[in-house]
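*Asks:* Here's a structure for you.
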6 protein chains.
Amino acid sequence: MDKSRYQKGLKLLEKIDGKAGENVISSLQDICPDLAKFIIEFPFGDIYTRDTLDLRSREVATVAALTALGNCLPQLKVHLNAALNVGCSENEIKEIILQMSVYAGFPAALNGMLAFKEVLIERGHEKCF
Amino acid sequence: MDKSRYQKGLKLLEKIDGKAGENVISSLQDICPDLAKFIIEFPFGDIYTRDTLDLRSREVATVAALTALGNCLPQLKVHLNAALNVGCSENEIKEIILQMSVYAGFPAALNGMLAFKEVLIERGHEKCF
Amino acid sequence: MDKSRYQKGLKLLEKIDGKAGENVISSLQDICPDLAKFIIEFPFGDIYTRDTLDLRSREVATVAALTALGNCLPQLKVHLNAALNVGCSENEIKEIILQMSVYAGFPAALNGMLAFKEVLIERGHEKCF
Amino acid sequence: MDKSRYQKGLKLLEKIDGKAGENVISSLQDICPDLAKFIIEFPFGDIYTRDTLDLRSREVATVAALTALGNCLPQLKVHLNAALNVGCSENEIKEIILQMSVYAGFPAALNGMLAFKEVLIERGHEKCF
Amino acid sequence: MDKSRYQKGLKLLEKIDGKAGENVISSLQDICPDLAKFIIEFPFGDIYTRDTLDLRSREVATVAALTALGNCLPQLKVHLNAALNVGCSENEIKEIILQMSVYAGFPAALNGMLAFKEVLIERGHEKCF
Amino acid sequence: MDKSRYQKGLKLLEKIDGKAGENVISSLQDICPDLAKFIIEFPFGDIYTRDTLDLRSREVATVAALTALGNCLPQLKVHLNAALNVGCSENEIKEIILQMSVYAGFPAALNGMLAFKEVLIERGHEKCF
């Protein structure tokens, strides 16, 4: 195993969403730990650690893409949390999801928004709900 | 027609990519001018003009989504131009496309990158190519 | 807010599926009421109210598209109800879904059909089940 | 070969778009005639010939689905022709495509509309263009 | 009804996943038995019975496609069972899903892998979990 | 750069389709050589070199997935060549594409088959055409 890519990826993943990182690793531990390893090494170790783009912009891009694709809500929720963790405001995230109505249609935007509502409830943003 | 939404949308579209705006309107003029009207009114008049999210972040989100969806290259090229026009650097845009390899696979990222190459050539970024 | 587009959209939405309209508005009320507003204004206020296409044909088109896309079952269920409400027969709707096996594959058609089964049960079409 | 399904399918395909039927058969003749056979037997022989849904509604559904999916423009063009052939008006077809902006986004609707423009030009609807 | 296609399809479906075949038929019995008939006749009666490709390769192809499409998890689970039934090893199936990270992104691969974990648990592969 | 992953990937890529490997690297050289590096390192260096699945099965899976996704024809053509290069017969590949009609619809299968026809012509399989 390439320790440095894995270590870099794990550190980055912990930074943007520590709990999600642990969850992914543990959910894959008995079925395919290699997939967990690759998820940490390539997306987080190789891509998110590059300094060409700030983490906030990376999460803007990921939230937009996963909302538009619309078939990976669990991963969207991870990145909605991550977006909040790296400095996107609630309103900015809502706006990114809202904007996806233009490119992927209203159902995709609506499902993304309801996923964000769940995320905010899970984080205890009680004032709003 | 709601003049103010249309006027606001047209102004915003001209700001982010004047030529593309004219092209869309003229390409639809004899087949369905109402679609051109709606494109200007809703995405640009209603959405892009909201001040909750800066224009640069909007284009980060759009480039990410269109690269990931992968079935609308002409519109991706419009927004690759727009992203450059509102302040994304070449390297940031390449990085957004590169990151889509994680969420939509390498073919989507590769096709997005080659679309960006075409955009840069069309803009006369000759030094690079 | 553009009262007339919103009022027209709300009226149309109530006509094709009153309960769904209320549900969408209330589910978005505390997270992003602007998305609810846009859903009512643009799809229902601007598009569904145009008289170029009858409401039955609009629902035929929407049921077909959402079945084929396959990643927005809650919205498909709304429009399966709407299709019944504006005059499509049960058998016609089944046939539209069945036909999607040709264009989006059998899994999409099967999932669409099971969604329709849920809709019919919820509406109390007890004789059939 | 099941003659009756094939014969029924071929007859139906000729009715809705004779030229397209021949083109599909000839384009597949030397690479995979069995695919041509299956296209005629199942979609056209088994599905389109069922009398539960009128041909016009079938084409409304197909144009909607293919516009929304957005990755099969040649087949969309076949069915835009077919929709005209079985009695949809130009304006109705434009409206179906326009409506897809709601469910699959504006790029999908725009690409569908430009495909329809090509179809109309190919059919010699010269007055409009 | 074309008895021979249906009978051939049913026999083939029973061979690759008897329980799933019964489930599909019974789930559609009261809503659209014709869809069940078509599923047995065309995919299984016409396609899977052709001897050009061995059943193991057919299931490799299907598992790959359904993992990549990502919007039909119930059908993916049927074919994960079928792949095991026709001779793919657990490790081969994990590898096919893992490989989809390249073509459809990591979320699709992750969701496919977790679906396979459910399948293995349902089959009582207790040693692993 | 991790030499060994890159070297392993390049060697593997040359084995399955030498020309395509060079083409990808050169097409990305002046726009984003890092994407070329990642394509060689992760898909080919990390994934295709694992011995859990034979190369022929890998290409069966990839051809199926890219045909079903339907929005990356250039990459599909690369892997249609690769499938032939690692031992799939022409008829097996046609059968995989044909089978995708079941899971992604007939337009996807038809477009995949016509892409394969182009590949065979480019390879000079003159007898067939």
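The values are calculated or read from the model by the stated rules, or taken from the named source; none is laboratory data. The structure displayed is predicted, hence computed values, not measured ones. FYI the Cβ positions are ideal-geometry reconstructions off the backbone, even for glycines, and counts take in every protein chain you see. Heavy atoms of the whole protein, side chains included, go into the accessibility calculation; ligands, DNA and RNA do not. Shrake-Rupley method; radii C 1.70, N 1.55, O 1.52, S 1.80 Å.
*Asks:* Can you confirm whether C:T52 is over 25 Å from E:C72 (Cβ atoms) and of a type in the set (V, I, T)?
*Replies:* Answer is yes for this residue.
*Asks:* Looking only at the stretch B:13-25, decide whether some residue is open to solvent by less than 40 Å² (accessible area, probe 1.4 Å) and touching a Phe, Trp or Tyr at 6+ places or on another chain (Cβ under 7 Å).
*Replies:* Restricting attention to the stretch B:13-25, the residues satisfying the condition of being open to solvent by less than 40 Å² (accessible area, probe 1.4 Å) are B:13, B:16-18, B:20-21, B:24.
This time we only want the ones that are touching a Phe, Trp or Tyr at 6+ places or on another chain (Cβ under 7 Å), so: B:13.
Yes, the stretch B:13-25 contains a residue that is open to solvent by less than 40 Å² (accessible area, probe 1.4 Å) and touching a Phe, Trp or Tyr at 6+ places or on another chain (Cβ under 7 Å).
*Asks:* Separate question: Could you list, ordered by first residue, the pairs with Cβ atoms under 8 Å in which the first is in the stretch A:19-34 and in a loop (DSSP other than H, G, I, E, B) and the second is among the basic types (K, R), at least 6 apart or interchain?
*Replies:* Once the first residue is in a loop (DSSP other than H, G, I, E, B) and sits in the stretch A:19-34, its partners that are among the basic types (K, R) give A:D30/E:K117; A:I31/E:K94; A:I31/E:K117; A:C32/E:K94.
*Asks:* Please determine whether any residue of the stretch E:109-123 is over 20 Å from F:T62 (Cα atoms) and not in a helix (DSSP H, G or I).
*Replies:* Yes, the stretch E:109-123 has at least one match.
*Asks:* Please state which of the following conditions E:K3 fails to meet, knowing it meets all the rest: (1) farther than 24 Å from C:N91 by Cβ; (2) in contact (Cβ under 8 Å) with a residue 12 or more places away in the chain; (3) not assigned by TED's automatic domain parsing to the domain that holds E:V119.
*Replies:* With (1) farther than 24 Å from C:N91 by Cβ; (2) in contact (Cβ under 8 Å) with a residue 12 or more places away in the chain; (3) not assigned by TED's automatic domain parsing to the domain that holds E:V119 applied to E:K3, the lone miss is (2).
*Asks:* Same structure again: If a residue must be open to solvent by less than 10 Å² (accessible area, probe 1.4 Å) and either of a type in the set (S, T, Y) or not in a helix (DSSP H, G or I) (or both), how many such residues does the stretch B:54-87 contain?
*Replies:* Going through the stretch B:54-87 one residue at a time, the tally reaches 4.
*Asks:* Filter the stretch A:65-95 for residues that are away from chain E (no Cβ under 14 Å) and either touching a Phe, Trp or Tyr at 6+ places or on another chain (Cβ under 8 Å) or closer than 19 Å to A:A20 by Cβ (or both) and give the result. So that I can check it myself, show each step before the final result.
*Replies:* If we filter the stretch A:65-95 for residues that are away from chain E (no Cβ under 14 Å), which is where we start, we get A:81, A:83-95.
A:N81, A:A83, A:L84, A:N85, A:V86, A:G87, A:C88, A:E90, A:I93, A:K94, listed by residue number.
*Asks:* Then there's this: Taking the stretch F:20-39 as the region of interest, how many residues are at pLDDT 95 or above and closer than 20 Å to E:A104 by Cα?
*Replies:* Summing the residues that are at pLDDT 95 or above and closer than 20 Å to E:A104 by Cα in the stretch F:20-39 gives 6.
*Asks:* Another question, if that's okay. Would you pick out the residues in the stretch B:6-34 that are within 14 Å of chain A (Cβ to nearest Cβ) and either aromatic (F, W, Y) or within 19 Å of D:S101 (Cα to Cα) (or both)? If you could, list the steps in order and put the result at the bottom.
*Replies:* At the first step, the residues of the stretch B:6-34 found to be within 14 Å of chain A (Cβ to nearest Cβ) are B:9, B:12-13, B:16, B:24.
If the condition is that a residue be within 14 Å of chain A (Cβ to nearest Cβ) and either aromatic (F, W, Y) or within 19 Å of D:S101 (Cα to Cα) (or both), then B:G9, B:L13, B:V24 are the ones that fit.
*Asks:* Something else about it: Among the residues of the stretch C:64-91, which ones are in contact (Cβ under 8 Å) with a residue 12 or more places away in the chain and closer than 23 Å to E:I25 by Cα?
*Replies:* Passing the criteria: C:A64, C:T67, C:A68, C:G70, C:L73, C:L76, C:K77, C:L80, C:E90.
*Asks:* If you don't mind, there's one more thing I want to ask. Could you please find all residues in the stretch E:35-53 being within 11 Å of chain F (Cβ to nearest Cβ), part of a helix (DSSP H, G or I) and of a type outside the set (D, E, K, R)? Before you say what the answer is, go through the steps one by one.
*Replies:* Within the stretch E:35-53, the subset within 11 Å of chain F (Cβ to nearest Cβ) is E:38-39, E:42-44, E:46-48, E:50-53.
Within this subset, residues satisfying the condition of being part of a helix (DSSP H, G or I) are E:38-39, E:42-44, E:46-48.
E:F38, E:I39, E:F42, E:P43, E:F44, E:I47, E:Y48, listed by residue number.
*Asks:* Related question: Between a first residue in the stretch F:93-104 that is of a type in the set (G, A, S) and a second residue that is open to solvent by less than 10 Å² (accessible area, probe 1.4 Å) and outside any helix (DSSP H, G or I), which pairs have beta carbons less than 9 Å apart while being 6 or more apart in sequence or on different chains?
*Replies:* What qualifies is F:S101/C:G105; F:A104/C:G105.
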